[in-house]
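Report on the structure given below.
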Amino acid sequence: MNNLSDIHYLEMHELSQLIRSREISPLEVTKAQLARIEALDNNLHSYACVTTEIALQQAQEAEDELSKGICHSPLHGIPIAFNDLINTVGISHQTPTHDATVVTRLREAGTVMLGKLQMTEGDFAMQPSDIVVPSNLWGANHCTGASSSGVGTATASGLCYGSIGSDTGGSIRFSCAANGLTGLKPTWGRVSRYGVTEIASSLDHIGPITRSARDTLFLLSTIAGYDLLDPTSLPSVCLEVPSIESSFKGLSVGVDLDWINNGVDPVIQKALEQIISIIFASGGKVKKIKMPDTGQVSSNWEAHCGVQMAVAHEKTYRQYTEKYEPTLSRLIDGGRQLSGMDYQRILLEAQYFNGAMDALLHDVDIILAPVQPYAAPTDEQLVNLARNPNTNRHLTQFTTPFNVTGHPCLSFPIGQTDTNMPIGGQFIGRKGGDATLCRAGMAIQQVSNWHKFRPPVTP
């Protein structure tokens, strides 16, 4: 393949075919990606660290293996990147001594690591003052997805073909909605968290961020599965990508119009109506449902997260309190001050909601919702959100409840605002129903082109 100038926006499954047919080599692709990062990321600030030498070495190894007829997976030779909280030996500020399981599995699948991507302090809401905030090319001064900020920017800007992010209160989904991307917060335990910096253990999820639902499935099929090193990981079989049909046939989609329109901007309401029409036209069944009350569990999320984050930071917070960003300190202080009885009440509310969701998902296969009630907030709005629990709850009302329950959620583009900012919807599924969500996302993207929109970036 002689022209490498237009390959950076290929989807992974498209690039995989070119690599395996020997039309392009992993080394050519990796060099092109590194050149693009060098040309653009001084302005985008998405990478915390670019692992040039490792990338070139792994690309050469992939090329040598493929030339011998050895192909470890459909991802063999494809360049990807990781959120900086995911351990990679000797790389990042913490210089970890072991790789995270997701890194090991993707390396064994033959992927090429381009580097580590920027995140907010504590992976919560705000960027540390000494780190430049990653840019959102869709709109100046709009956030790129809060904690998984660099992940969203790099993937949307063609600086990697896919990435692995984290989601404790919505970060994977926020990054996708803000950048016109597709990604999955998997079923809790579906993807090992071994080697990933803990934020709030029972709320943390690790998952893929990509440019299409099929690519999301590509990554999920490699990183999912039981891990002896993570006792909370769930047994699961490998997903066979070719066996997943892009269709709504036989699927029922639950819709609670009162819930998904509550405080939601009209442009997002209208976009969700289009999704409902596509489901009907694609052979799916749309069923009216009544969502269990998400208000209490959503209101409880900050305290729920704060307690667990206080535990995760127990060894460092007392000694380095003054170095913590104020919004992160507020969350940890709140967790430290909460009584055991109050936390038990939060846990009971979570159990009730979890059971109600499981019961509802016996009647439908998936549930439709927005990711957030409006497009990506501005930087000014984000500061207010981080400091004001009430406005933050409004933003996270459709995301945090499913971190608490652990149900899988697929985020995908559903259109744009009048100012061309992307907006996102999500499908919520049964526990273990991750592949069904990807199938539904693929069906949407088979008849729409929102996931093909690209931000205005050069070269």
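Readers should treat all values here as calculations from the given coordinates under stated rules, not as data from a laboratory. Just so we're clear, the structure is a prediction, and the values are computed from it rather than from any experiment. Methodologically, a virtual Cβ is constructed for each residue, glycine included, from the backbone with ideal geometry; neighbour enumeration extends over all protein chains shown.
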Quick one: if you take sqrt(5λ) for each eigenvalue of the C-alpha gyration tensor of the stretch 277-328, what semi-axes come out, biggest first, whole angstrom?
-> 43, 14, 9
Which of the listed residues, ASN300, TYR352, GLY139, is farthest toward the dipole's positive end in the chain, when Lys, Arg count +1 and Asp, Glu count -1 at the beta-carbon?
-> TYR352
Could you give log10 I(q)/I(0) at q = 0.10, 0.11, 0.15 Å⁻¹ for the stretch 161-317, computed by the Debye formula over C-alpha point scatterers of equal weight, without solvent?
-> -0.48, -0.58, -1.07
Classify the stretch 27-119 as rounded, prolate or oblate from the Cα gyration tensor: take a ≥ b ≥ c as the square roots of its eigenvalues, call it rounded if a/c is under 1.5, otherwise prolate when a/b beats b/c and oblate if not.
-> oblate
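Give me the Å³ per residue figure for the convex hull around the C-alpha atoms of the stretch 296-445.
With only Cα atoms used, the stretch 296-445 gives 134 Å³ per residue.
ASP418 to ASN390: FRET efficiency via 1/(1 + (r/R0)^6), r the Cβ-Cβ distance, R0 25 Å, to the nearest 0.05? It would help to have the intermediate numbers written out before the result.
Numbers: r = 27 Å, r/R0 = 1.08.
Given R0 = 25 Å and the Cβ-Cβ separation, E is 0.40.
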Hits for the chain under the membrane-span-like helix rule (DSSP H, Cα axial span at least 27 Å, Kyte-Doolittle mean at least -0.5) are 340-363
Using the Kirkwood radius built from alpha carbon pairs, what does the Stokes-Einstein equation give as D for the stretch 138-215 at 4 °C and 1.567 mPa s, in µm² per second?
-> 104 µm²/s
Simple Cβ-charge dipole of the chain, Lys/Arg +1 and Asp/Glu -1, about Cα centre, in debye nearest 20 | 740 debye
Relative frequency of Cα-Cα separations exceeding 18 Å in the stretch 396-459, percent = 47 percent
The stretch 345-395: Cα Rg divided by the 2.2 N^0.38 Å rule of thumb | 1.57
Which order, highest average first, do 153-160, 313-320 follow once you tally other Cβ atoms within 10 Å for each residue and take the mean per peptide?
-> 153-160, 313-320
Run down the lysines and flag those whose C-alpha is under 22 Å from the C-alpha of LYS323, throwing out any fewer than 8 positions away in its chain.
-> LYS315
Per principal axis, descending, Cα span of the chain in whole Å = 61, 58, 46
Packing-based ranking, highest mean first, of 59-72, 438-451, 221-234 given that Cβ atoms within 10 Å are counted | 438-451, 221-234, 59-72
Percent RCO, i.e. relative contact order, over the chain, from Cα pairs under 8 Å lying at least 6 residues apart = 18 percent
So which lysines can LYS287 reach, going by Cα to Cα under 25 Å and dropping same-chain residues fewer than 8 places off?
-> LYS185, LYS249, LYS270, LYS431
Sorted by mean Cβ packing within 10 Å, highest first, what order do the peptides 325-331, 261-267 take?
-> 325-331, 261-267
